[in-house]
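Student: Sharing a structure here in structure tokens format.
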Amino acid sequence: MNSPKHPIQVVTKPIGPLCNLDCEYCFYLAKKDLYPDGEHFRMTDEVLDTYVRQHIDAQPGPEVQFTWQGGEPTMMGLDFFRRAVDLQQQHLPAGWTCANALQTNGTLLDDEWGAFLAEHRFLVGISIDGPAWIHDRFRVDRKGGPSHERAMAGLRKLRDHGVDHNVLCVVNSLNAEHPLEVYRFFREEGVDWLQLIPIVERKGERGVTKRSVGGDAWGEFLVTIFDEWVRNDVGRVFVQHFEESVRMWLGRPATLCVHAETCGFGLAMEHNGDVFSCDHYVNPEHLLGNITETPLGDLADQPRQVAFGLDKRDALPRFCRECDVRFACNGGCPKDRFALTPDGETGLNALCAGYARFFHHVDPFMRRLAEHYRRGVPAATIMVEIAEEEAARFRHAGRNDPCPCGSGRKFKHCCA
């Protein structure tokens, strides 16, 4: 087997698309239609052993990352994951280490799960969309009932056992209207690492569903949370989009595939060993092969997969190539590039307006944070600086002057 030229990541789905929830916006539940009726959506021991061995072989080392998703991967049961970590230790070369990440809705987590995840140092991402009234609008169980209480119980189990974890919040048309309520809920719950994932569901050639977050709403959501974060929570709460932005303003490549210049190294593998170009491209057109027939490293390195990754950069419309924040955005995820540019060219991201609003808004703050990093100044220093600068501006505002916050209202009717 020829190892790929770069490390690869594989989103592995041992239970396939099966899940104990029935979230209205979940794009993966329908993937069961790719397989015949009666398909047994459970990874066999033989496929598991083949995958673990090939995944390790395909990496340059000395650390190998395994990522388990679904569906709901905890439906496989603990014995499956015990076998997985045992196989990892059997196949790891001397001196190499292994790390595991698990994405879950949290509803099946108990003390036994907590003890196992802590013992083997899993990083767990748990999906919660905000307070109960927001979360339960779309994240329902198979009977249409709420799931928030059980998800929060799962979060508490992770904390009780000291499991390293973060929260993944899907941003939809509902919670996008309540950015501060969503952010403050997580902060008050003690969440210190937050991923914000916009939902974009296509409808027709260029439209989106009512559940989807619009570009303007996405931008306002990010900006509103950022303004709260940069004044109160730098160094205490970590928001993936903000951390990635600092990297890009430092001139470093993005680690988040959405904003990386190219992609193609994040594959998806189904329960039976079928490998696809990406988690969002699990379809017959992007089936690369099966690991029981072709080694994983060869599947990742085949020319059409390389071309798939380079298209993220090469297929950008002129409007994007000439954009002043392209270095930070890079056109976003290709799955969302179905809108038209102002001059009528295809390939614009449906969330373009939101990304542009966010990256332009954070530019002066990111420049400052990047400079602090270069000089070895603690990032949290920016909160003190902003507070002092804003206090000085407000101190000299007259009651009938325009408010320094930029609202357009008189000071006495605004921040006074």
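Student: Given a Förster radius of 30 Å and the C-beta distance between ARG142 and THR44 as r, what FRET efficiency does 1/(1 + (r/R0)^6) yield to the nearest 0.05?
Tutor: According to the calculation, E is roughly 0.75.
Student: So how tilted is helix 179-188 from the main axis of the chain? Cα-based, degrees 0 to 90, rounded to 10.
Tutor: It is inclined by approximately 70 degrees.
Student: Still on this structure, I have one more. Taking the stretch 35-170 on its own, what percent of its Cα-Cα pair distances exceed 23 Å?
Tutor: 41 percent
Student: Moving on to the next point. Compute, for HIS40, the solvent-accessible surface of its heavy atoms (probe 1.4 Å) with the complete set of protein chains present, and express it in square angstrom to the nearest 10.
Tutor: 130 Å²
Student: Rounded to a whole number, what is D in µm²/s for the chain from Stokes-Einstein with the Kirkwood radius over alpha-carbon pairs (25 °C, 0.890 mPa s)?
Tutor: Estimated diffusion coefficient is 106 µm²/s.
Student: Quick one: 3J(HN,Hα) in Hz for the stretch 98-115, Karplus 6.51/-1.76/1.60 with θ = phi - 60°, rounded, Gly and Pro as x.
Tutor: My calculation for the stretch 98-115 gives 9, 10, 10, 10, 10, 9, 9, 7, x, 6, 9, 6, 9, 5, 5, 4, x, 5 Hz in order.
Student: When only alpha-carbon atoms count, how far does the stretch 235-280 stretch along each of its three principal axes, as whole angstroms with the largest first?
Tutor: Result for the stretch 235-280: principal-axis Cα extents of 42, 25, 12 Å.
Student: Within the stretch 169-183, whose backbone N sits under 16 Å from a point 7 Å along Cα→Cβ of PHE27?
Tutor: 169-173
Student: With everything on Cα atoms, drop me the angle between helix 303-314 and the longest principal axis of the chain, reported from 0 to 90° to the nearest 10.
Tutor: Taking the Cα atoms of the chain, the angle to 303-314 is about 0 degrees.
Student: Once all Cα-Cα distances of the stretch 121-247 are split into 10 Å bins that start at 0, what whole-number percent is in each one?
Tutor: In order of increasing distance, the bins hold 12, 42, 35, 11, 1 percent.
Student: Over the stretch 190-294, what number does the Rg to Rh ratio reach, with both radii from the alpha-carbon atoms and Rh per Kirkwood?
Tutor: In the stretch 190-294, Rg relative to Rh is 1.06.
Student: Do any GluC sites (Glu not before Pro) in the stretch 351-416 lie in a DSSP loop with no more than 13 other beta carbon atoms within 10 Å, and if so, which?
Tutor: Sites meeting the loop and neighbour criteria: none at all.
Student: Taking the Cα-to-Cβ direction at ASP343 and at LEU108 and moving 7 Å from each Cα, how far apart do the two end points lie in nm?
Tutor: 5.2 nm
Student: Return the FRET efficiency for the residue pair TYR373, ALA94: r is the Cβ-Cβ distance, R0 is 41 Å, and the value is rounded to the nearest 0.05.
Tutor: 0.70
Student: Sort 338-347, 13-22 for me by packing, meaning the mean count of neighbouring Cβ atoms within 10 Å per residue, highest on top.
Tutor: Output ranking for 338-347, 13-22: 13-22, 338-347.
Student: Work out, step by step, the length gained on full extension between VAL306 and CYS405: first 0.36 nm times the residue separation, then minus their alpha carbon distance; give nm to one decimal.
Tutor: 30.9 nm
Student: Cut-off under 16 Å on the C-alpha distance; same-chain residues fewer than 8 positions from LYS412 excluded. Which lysines are left, in chain and number order?
Tutor: Counting by Cα, and skipping residues close in sequence, LYS412 has no lysines nearby.
Student: I would also like to ask the following. Viscosity 1.567 mPa s, temperature 4 °C: what is the translational diffusion coefficient of the stretch 310-367 from Stokes-Einstein with a Kirkwood Rh over Cα pairs, rounded to a whole number of µm²/s?
Tutor: Diffusion coefficient, whole number: 112 µm²/s.
Student: Run the helix sum for the chain: -39,500 (n - 2.57) per DSSP H stretch of 4+ residues, divided by residue count, reported at 222 nm to the nearest 500 deg cm²/dmol.
Tutor: Values: 14 runs with 158 residues, N = 416.
After summing the helix terms and dividing by the residues of the chain, the value is -11500 deg cm²/dmol.
Student: Hey, another quick one. Report the calculated FRET efficiency for ALA392 and GLU189 (r = Cβ-Cβ distance, R0 = 25 Å), to the nearest 0.05.
Tutor: The computed FRET efficiency comes out at 0.15.
Student: Ok, one more. What nm distance separates the two modelled labels at ALA132 and ASP57, each placed 7 Å from Cα along Cα→Cβ?
Tutor: About 5.1 nm separates the two model spin labels.
Student: While we're looking at this one, here's another question. Stokes-Einstein at 20 °C, 1.002 mPa s, Kirkwood radius from Cα pairs: D for the stretch 335-414 in µm² s⁻¹?
Tutor: Once the numbers are plugged in, D ends up at 133 µm²/s.
Student: On C-alpha positions alone, give me the angle between the axis of helix 148-160 and the longest principal axis of the chain, in degrees, nearest 10.
Tutor: Helix 148-160 sits at roughly 80 degrees to that axis.
Student: A follow-up question, please. Given the pairs LYS31/LYS203; LYS13/LYS143; LYS32/LYS210; LYS13/LYS312, which span a C-alpha to C-alpha distance of over 21 angstrom in this model?
Tutor: Long pairs (Cα-Cα over 21 Å): LYS13/LYS143; LYS32/LYS210; LYS13/LYS312.
Student: Quick one: work out the % antiparallel among DSSP beta bridges in the chain, nearest 5. Please report the intermediate quantities before stating the final value.
Tutor: Values: 12 of 39 bridges.
Bridges in the chain that DSSP calls antiparallel: roughly 30 percent.
Student: Whose amide H sits under 5 Å from the amide H of VAL208, counting only residues 5 or more places off or on another chain, with H placed in the peptide plane?
Tutor: LYS203
Student: Can you give the Rg to Rh ratio of the stretch 226-383, both from alpha-carbon atoms, with Rh computed by the Kirkwood formula?
Tutor: Value, to two decimals: 1.05.
Student: In the calculated pair distance distribution of the stretch 58-133, what percentage of Cα-Cα distances lie above 17 Å?
Tutor: It works out to 48 percent of all Cα pairs.
Student: What figure, in Å² to the nearest 10, do you get for the accessible area of SER407 with a 1.4 Å probe and non-protein molecules left out?
Tutor: The accessible area comes out at roughly 60 Å².
The values are calculated or read from the model by the stated rules, or taken from the named source; none is laboratory data. Predicted model, so just to flag it, every value in this text is computed and none were measured. Ideal geometry is used to build each Cβ from the backbone, glycine not excepted, and the neighbour counts take in all protein chains shown. SASA here: full protein model, heavy atoms, side chains in, ligands and nucleic acids out. Shrake-Rupley method; radii C 1.70, N 1.55, O 1.52, S 1.80 Å.
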